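The block underneath contains the structure these notes are about, expressed in structure tokens.
Please treat every number below as a calculation from the coordinates, not as lab data. Nothing here was measured: the structure is a model prediction, and the numbers come from that model. Ideal geometry is used to build each Cβ from the backbone, glycine not excepted, and the neighbour counts take in all protein chains shown.
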Amino acid sequence: MAEHAPILIIVFPLLAAFLTHLTKYVKLERGAELVAFASMLASLSVLVISAPAVLAGRVISYNIGGWTAPLGISLVLDGFSFFFCIVIVVIGLLLILYSLGVYLYARRYYSLLLIALSALFGIALTRDLFNLYVFFEILAVSSYVLIAYKRRPRTLKASFRYLMITESAWVFFLLAIAMLYGLTGTLNMDGIAQKIPMIYQSSPYSLFIIFSIMLVAFGIKCGMAPLHSWIPEAHSQAPTPVSGLLSGLILKAGIFAMLRVFYLFFVGVGPFSTILLYVGLITLLFGALMALVQDELKKLLAYSSINQIGFILVGIGIGTTLGLKGALFHLLNHAIMKTGLFFCAGIIISQTGFWKIERLRGVYKRMPGVAISFFLLSLAIVGIPFFNGFASKLLVILATLKQMYYIPGIILLLGIVISAAYYFKVLRIFFNPEESREVHDFVPRPVGPFEHFAVYLCVVFCVVIGIFPGIIFPILEPAVKVLLP
Amino acid sequence: MISQFQFFPVDSLSFIMGSLALLLLPLILIYSVKYIRTHHIHYFIPFFILALGIIGVFFSKDFLGFFVFLELVTLSSYFLIIQPWMEDTLAAGFKYLIMNLIGGVLILFSVLILYSQTGSFDFIEISKLLSVGAIGKLPLISIAFLLGCLIKCGAIPFHTWLPDAHPAAPSPISALLSGLVINIGVYGILRFMFTLKIFFPVLVWIGVGSMLFGVILALRQTNIKRLLAYSSISQMGYILLGIGIGGGLGLGGGIFHAINHAVFKMLLFLCAGAVIYVTGERQLKHLGGLMTRMPVTAAFFIIGALSISGIPPFNGFVSKSIISAAVVTGREPMIKIAMILTAAGTFALFFKMFKQIFLGDLSAGKWNVKEAPVIMLFPMFLLASACLGMGVMWRRVLVVFIYPVLGQYGANTVLSVHKIWSLESLLHTLIVIGLGLVIYGVGMRMGWLGSAVPWIFSVDRIYVSIGRLIVMLGNIIRDLQFRSLNFHLLWVFLMLLLFYFLFRFIA
């Protein structure tokens, strides 16, 4: 079973995506939800079964159709992809759990969500560059539809914007793949990686072109600062679980692919990490400053994602084991925290009907549990001790300072202070005693136990990881070891 | 005697600070039981977390633990400050949180550089390495740490969170903030700074500045708790001055004053709290004539006021005399004058406060005012007797608590030689009282005391402007962004070109 693990992890959600439509013919209440949940659990169990081997350092590779590397597509489950698969499973389960309570979401929604999740697994596992592109496109297409799920003018506009901006970079990515194929004669990443030093000798400029295209393509997915322009609209207009999907997984997929490709291809070629460090700092400051002046709750969360992505990019840019460990740890933490925050925002907005922060006065009185969860999650994201954000930010900052980057270190700390400022600005309004008495025609959607449960689960994750950060290290260390042996 | 306590994690400095916290926290808890009338959950959960944080700060044996518990203190006290959850307390809490987070972040910065240089967070190991001089980047580390601690202890010019936070908080929490929380900054300086003699002149002048400006600003206040908050800044100045002068006398006096300040300032805040509890009034001009109605509170207030003004035989007198003796050995006439002026100002301040709260006519609508409940008077009684006891038995306090710390820092313990009860110090006291009365008289005549005339120059305004500037920067960046999709598509292409040329240029 373990040798088939890579393909099984991808196939379960993909199969379930089609099964959800068939549940129409079965006399089963909420069949689609059950299928979705079961498929993620199946993927999780495959991961758990293969865990001992992978964490011990073994690499499980699988050739699709039995065709070996230069011709066929190979899927590889190593420590790094295992780590990202765990992130996908955890966030995927949380997303489905939250969606369970919302009757608005029909079979089509679950089907699309599962396609997106299976594409994410594909991104995590594939070793074929073209296959990576295909999985990214599957992910993109399904997320376009998911963002526009409510079919309102604003959501359609946001979705279209997302489509146009990201695709404009990804067509270039196809060009980069073609160039690499022309230069090396293979699409297998390991094969390309072997030939990169040779290409660097013969034609460095084509390598620069490829590298800049890849940086822009992955950067646009992960919300790197000057290329972030799709993020705020898409995050704020999408349905709540989809915002969680975007912030928790799709941005992270960009980072994952960036790490995978760059560490395979470009380590030691050019000063790529220094550029990433400074780009990360710009991203961080930009996200923080923009979040400070937002007046919509979900947009604030979206910009805060950009802020945290900056943190992760800095960790990657440092390039030491410690920096990568911090960056990956923060990737996991941010996925959980931000998904939880979007869930809280979703519940609050669906109960009050207000998007603007100013109008959410007195939320604490009305929904104490959600407001307290929001508070705890924002503490985690700011990086207050005893929450998971502190542990990962500590690692990143320590890595920065260890490499004698003092000014970047101060900027990272400034980012923490600014993020505290904008989260506490929100909390100041939530805790305000006077409730806003604005009247508008809005029917609150009933919020069930599933939504609350998903939020509380996020909080529990944050606190447990924050108090015992050591429990993540068994899966974190093999991941870093794959990148920097 | 102190050697019995070696099972405490660190040393005698932790021991005195920690035992101070452990002795004072229960008193505040007893007081709070009666004082807090509503929202018990919102009060007591953060209160116990704060207690945990304070004890953790003093008893942690490495810098990381120090930082972690410090953040816990900041966060839990934020919740206590915003306690009634009103618009203005939320604003004060916000300022408190942001300024203290900046302080905390600076401390984290220096701690992490220290770790990257030494590979250890441990106090003892680091102090060993410091004495050998085996740590690089020392100026950067120590400036960041010192700045962090100065923000935490509310020294001028980093004090602006303090006069907002103290009045906003419930009185027992103001007492706790003034007595213990700002002592954490002092503790941090003592922990780390003592081996760094270069910063001592800076500390001296920051101390003198805090003393003078704190008392001048306090004299102008009309809100009881704001007044006490400014007076805390002034007293922090004494402590920093003592530490900055260094040596056995300076350091001993500074630590002693830190302990004394915790005791008498807590007493004063609890008295103010009792007044607020029974009258519901915080403005001096609405109070008056409570002497007959609240005689016990008035007596405790007098004890606290005499202690803080440095009048014998209370504890403030002893520590102030020790610091003043340290100044004499340092031969700095300016500092000496500043000390006398501050002491006189403090006396005038509390004279004014006592007169306006307890003397004069009972103001309208306060006819049914009664003495505060016994459960609130009890902690005040204990604190007042501590003021007297520590003043009378100062030699014992020095031997038991202060000498071990001095020994730990290798400072000479010549304090016992120094005569506190000399003719000179009594003369000094008389000068202070006389000058204080003069300041009060002249100030009242000229309308300086209690005037609401805004200052043209205010540090707070600078910080607020920096904050506004950052928000404005955000607004500018937001407005600069193009909305058009066409532009963004072009932008992607431009970024491709940019990165390409960047790589060509660098590689």
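In table form, for the structure just shown:
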read-out: Square roots of five times the Cα gyration tensor eigenvalues for segment B:131-268, Å; value: 27, 14, 13
read-out: Rounded D (µm²/s) - segment B:248-323, Kirkwood Rh over Cα pairs, Stokes-Einstein at 10 °C, 1.306 mPa s; value: 119 µm²/s
read-out: Convex hull volume per residue for chain A, taking Cα atoms only, in Å³; value: 133 Å³
read-out: Chain B: DSSP helices with Cα axial extent of at least 24 Å and average Kyte-Doolittle hydropathy no lower than -0.5; value: B:12-35, B:40-59, B:63-81, B:87-118, B:200-219, B:224-245, B:247-279, B:333-358, B:374-392, B:423-446, B:459-480, B:485-506
read-out: Relative counts (whole %) of C-alpha pair distances in the protein assembly as shown, using bins that are 10 Å wide; value: 2, 11, 19, 21, 17, 13, 9, 6, 2, 0, 0
read-out: Rounded to the nearest 20 debye, dipole of segment B:115-274 from Cβ charges on Lys, Arg, Asp, Glu; value: 160 debye
read-out: Simple spin-label estimate for residue A:150 and residue B:336 in nanometres, 7 Å along Cα-Cβ; value: 7.5 nm
read-out: Cα principal axis extents for segment A:340-417, largest first, Å; value: 48, 23, 16
read-out: Mean Cβ count within 10 Å, highest first, over the residues of peptides A:362-369, A:222-229, A:340-347, A:18-25; value: A:340-347, A:222-229, A:362-369, A:18-25
read-out: Simple spin-label estimate for residue B:364 and residue A:25 in nanometres, 7 Å along Cα-Cβ; value: 8.8 nm
read-out: Residue-count net charge about residue A:173 - beta-carbon cut-off 11 Å; Lys, Arg +1, Asp, Glu -1; value: -1
read-out: Packing rank of B:165-173, B:362-370, A:186-194, A:386-394, where each peptide gets the mean count of other beta carbons within 10 Å, highest leading; value: B:165-173, A:386-394, A:186-194, B:362-370
read-out: Simple spin-label estimate for residue B:395 and residue A:190 in nanometres, 7 Å along Cα-Cβ; value: 8.4 nm
read-out: Total charge dipole magnitude, chain A, about the Cα centre, Cβ charges on Lys, Arg, Asp, Glu only, Debye to nearest 20; value: 720 debye
read-out: Spin-label zone in segment A:48-85 - amide nitrogen under 17 Å from a point set 7 Å from the Cα of residue A:464 along the C-beta vector; value: A:48
read-out: Prolate/oblate/rounded call for segment B:1-195, Cα gyration tensor, a/c under 1.5 rounded; value: oblate
read-out: Options A:350, A:282, A:408, ranked by Cα towards positive dipole end of segment A:271-485, top entry (Cβ charges); value: A:408
read-out: Size descriptor, Kirkwood hydrodynamic radius, that averages inverse alpha-carbon separations across segment B:197-454, Å; value: 18.5 Å
read-out: Computed E for residue B:469/residue B:140 - FRET, C-beta separation, R0 25 angstrom, nearest 0.05; value: 0.50
read-out: Other protein chain Cβ atoms within 10 Å, averaged over every residue that makes up B:490-502; value: 6
read-out: Modelled label reach - residue B:23, point 7 Å along Cα→Cβ, segment B:169-183 residues with backbone N closer than 19 Å; value: B:175-183
read-out: Neighbouring partner chain Cβ atoms per residue of B:108-117, average, 10 Å criterion; value: 5
read-out: For chain B, convex hull of alpha carbons as volume per residue, Å³; value: 186 Å³
read-out: Modelled FRET efficiency - R0 51 Å, residue B:122 with residue B:223, Cβ distances, 0.05 increments; value: 0.70
read-out: Kirkwood-Stokes translational diffusion coefficient of segment A:271-485, alpha-carbon pairs, 25 °C, 0.890 mPa s, µm²/s; value: 139 µm²/s
read-out: Computed E for residue B:490/residue B:430 - FRET, C-beta separation, R0 56 angstrom, nearest 0.05; value: 0.10
read-out: Cβ-placed point charges (K, R +1; D, E -1), dipole of the protein assembly as shown about Cα centre in debye, nearest 20; value: 1320 debye
read-out: Partner chain coverage, peptide A:288-296 - average Cβ within 10 angstrom; value: 4
read-out: Residue-count net charge about residue B:112 - beta-carbon cut-off 13 Å; Lys, Arg +1, Asp, Glu -1; value: +2
read-out: Environment charge at residue A:357 (Cβ cut-off 12 Å; Lys +1, Arg +1, Asp -1, Glu -1); value: +4
read-out: Protection proxy ranking, peptides B:37-43, B:343-349, average beta carbon neighbours within 10 Å, highest first; value: B:343-349, B:37-43
